[in-house]
Amino acid sequence: MPATSKPFFITGDPEADGLLGEDPLALLLGMLLDQQVPMEWAFAAPKELRRRLGGQLDAAKIAAMDPDDLVAVFCDKPALHRYPASMGKRAHALCVEVTEVYDGDVTKVWNEAADGVDLVRRLKALPGFGDEKAKIFASVLGKRLGIRPDGWEAAAAPFSDEVKRSVADADSPAHLEEVRVFKKARKAAGKGKAD
């Protein structure tokens, strides 16, 4: 995945956003962590994780760690997530999957997808990714990074539409606020982002 042509805005921290645009594993880990915490917290965590791991995010090296050691890294203060132990285990499992299935190259998840349906299927098979998270990440790839296998919009629907409903659409401070307003309105109506 090439670096984005402009900063990958989401956290408001230029270094954290830059990492998301440059490092596909950082972006995937940010998406993994994007639950039950503000988007900015989730997507800033890979920067701190990289620092705590000696300045490098490497799926094979993380996979080779004892899962409890990675959990300890997630739990160090300040914790990398509201639920650092469970998310540390999920991050480890994700890196194991990327290492064993994709030879440690996270870009193979999307670069080798036959089409949009296959892309969403591959993402959904990753530890910590369900149907909605897979569709949102496919939309991040399509909308923000120009990675658009045939049929990606239909496969990622409704997150591929023009409604500002997810991190895929939060490409500026104004759009981030639109996403927050959308989510708040959906929550008040008892509906989810996909409704």
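The values are calculated or read from the model by the stated rules, or taken from the named source; none is laboratory data. Note that this is a predicted model, so its numbers are computed, not measured. Methodologically, a virtual Cβ is constructed for each residue, glycine included, from the backbone with ideal geometry; neighbour enumeration extends over all protein chains shown. Ligands, DNA and RNA are stripped out before the accessible areas are found, and what is left, the full protein with its side chains, is counted by its heavy atoms. Shrake-Rupley method; radii C 1.70, N 1.55, O 1.52, S 1.80 Å.
Brief remarks on what is shown
- For residue 61, a cut-off of 22 angstrom between C-alpha atoms picks up these lysines, skipping any fewer than 8 places away in its own chain: 47, 89, 108.
- Exposure check, 1.4 Å probe, all protein chains in place: residue 92 carries approximately 20 Å² of accessible surface.
- Note on region 100-195: Kirkwood hydrodynamic radius from all Cα pairs is 13.8 Å, rounded to one decimal.
- Residue 90 contributes about 90 Å² of solvent-accessible surface, heavy atoms of the protein only, 1.4 Å probe.
- In straight-distance terms, cross-link reach from residue 77 covers every one of the aspartates and glutamates whose alpha-carbon lies under 18 Å from its own, apart from those fewer than eight places away in the same chain; here that gives 40, 48, 68, 69.
- Note on residue 107/residue 185: beta-carbon distance plugged into 1/(1 + (r/R0)^6) with R0 of 35 Å gives a FRET efficiency of 0.50.
- Given charges at Cβ of Lys, Arg, Asp, Glu: region 91-195 dipole, positive-most of 126, 182, 92: 182
- Sites residue 157 and residue 77 - FRET efficiency at Förster radius 35 Å, r taken between beta-carbons, to 0.05: 0.30
- The spread of Cα positions in the chain, taken along each principal axis and listed from longest to shortest, comes to 41, 37, 33 Å.
- Ellipticity estimate at 222 nm from DSSP helix runs (n ≥ 4, -39,500 (n - 2.57)) divided over the chain, nearest 500: -16500 deg cm²/dmol
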